[in-house]
Amino acid sequence: MIESFQNEKIKNITKLITDNRFRKKSGVFVVEGQQENERALKFDFEAVEFFICETIFKGQTPEGKIHFVNDKVYEKIAYRGSSEGIIGVYKAKENHLNTFKPKENSTVIIVEGVEKPGNLGAILRSCEAFGIDALIVADGKTDFYNPNVIRSSVGCLFGMEIFQAENEETLEFLRKNSFNIYTTIMDETAEDLYKRDFKQKSAVLFGTEHSGLSDFWIGKGKNTLIPMSGSIDSLNLSNAVAITCYETLKQKKG
């Protein structure tokens, strides 16, 4: 039973949660919550150890190295303030874009320069829910294994093909694999999302909410927009991705 905040393992957990550089250097990351840990194990992420508070945890104890902690210690390391009583530490996976083998009707979502972990998590959740084949983060500034990405994706991160690549590498991959490229740059050439054919191999690109796609993507694809009838001319990034993901699924099922 770990009862001290000064325990080295507890200090390590805290640092893994708060320090991106330390997390990347260590090659491990933290997962809190019963559902999230179940998904990590289901999709073959290698568990290093678990920290369980017996007075809180009501699930089935996973196989592996278990450290039991008291309520106060668990409260300190529970970064999302939940009451599920389990935190796991897992080895990070390195995914390279050249390992992804798209199908003839694959749909890929690409987000450029996404910075907010919560946004990335919400996007992952939509991609997984609507059957997107892969998510590519182009010129990304967010660590996939940031605890807030895992939390906001409800563990959907673990079941998704997700890659990080520079813009040039991403474009080369799309062209090499004969994707139809749809950009979301607002201009007079843009056509409605619903007129695009997502039964074919397709990639839809989104930029940041602040400035949209960078100039790199101008002229690289067919401009596409979500038709709206209100006075506002844009949507939250994760909402726009969700609508697009649903449309791709609807077309494929139709």
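Projected label points at S214 and S234, each 7 Å from Cα along the beta carbon direction, are separated by 1.7 nanometres.
Accessible surface ranking for M186, M160, M228, 1.4 angstrom probe, highest first: M186, M228, M160. Computed from backbone phi, the HN-Hα couplings of the stretch 232-249 come to 7, 10, 8, 10, 3, 3, 5, 5, 4, 5, 4, 4, 5, 4, 5, 4, 5, 5 Hz, rounded to whole numbers (Karplus: 6.51 cos²θ - 1.76 cosθ + 1.60, θ = phi - 60°; Gly and Pro given as x). Across all C-alpha atoms in the stretch 27-156, the radius of gyration and Dmax reach 16.0, 53 Å. Residue order by solvent-accessible surface for D233, D215, D133 is D215, D233, D133, largest first, with ligands and nucleic acids left out and a 1.4 Å probe.
Bridge orientation summary for the chain: considering DSSP beta bridges with both residues in this region, about 30 percent are antiparallel.
Anyone know which of Q60, Q200, Q164 comes out most mobile in the 10 Å Cα GNM of the chain? Among Q60, Q200, Q164, the largest GNM mean-square fluctuation belongs to Q60.
Once all protein chains are placed together, I232 keeps about 110 Å² accessible to a 1.4 angstrom probe.
For the chain, the pair-distance distribution built from all alpha carbon pairs, in bins 5 Å wide starting at 0, is 1, 6, 13, 16, 17, 14, 10, 8, 7, 5, 3, 1, 0 percent. Using a simple spin-label model with pseudo-atoms 7 Å out from Cα toward Cβ, K24 and K11 lie 2.4 nm apart. Between L97 and E46, full extension at 0.36 nm per residue minus the direct alpha carbon distance yields a gain of 16.2 nm. Put simply, the amide H of A92, placed in the peptide plane, has neighbours under 5 Å in V28, F29, leaving out anything fewer than 5 places away on its chain. Straight Cα distances below 14 angstrom link K93 to the aspartates and glutamates D44, E46, D143, E161, with same-chain residues fewer than 8 positions distant left out.
A probe of 1.4 angstrom, applied to the heavy atoms of all protein chains, finds E169 with accessible area near 80 square angstrom.
Size descriptors for the stretch 73-224: radius of gyration and Dmax over Cα atoms are 16.7, 57 Å. Using just the Cα positions, wrap the stretch 138-211 in a convex hull and report its mean projected area in square nanometres, one decimal place. If I average the Cα hull's projected area over directions, I get 6.6 nm².
For the options F68, F144, F163, a Gaussian network treatment of the chain with springs between C-alpha atoms closer than 10 Å singles out F68 as fluctuating the most.
The values are calculated or read from the model by the stated rules, or taken from the named source; none is laboratory data. Here the structure is a predicted model, which is why all the values come from computation and not from measurement. Cβ: placed from backbone, ideal geometry, glycine included. Neighbour counts: every protein chain shown. Protein only, heavy atoms only, side chains kept; ligands, DNA and RNA dropped before computing areas. Shrake-Rupley method; radii C 1.70, N 1.55, O 1.52, S 1.80 Å.
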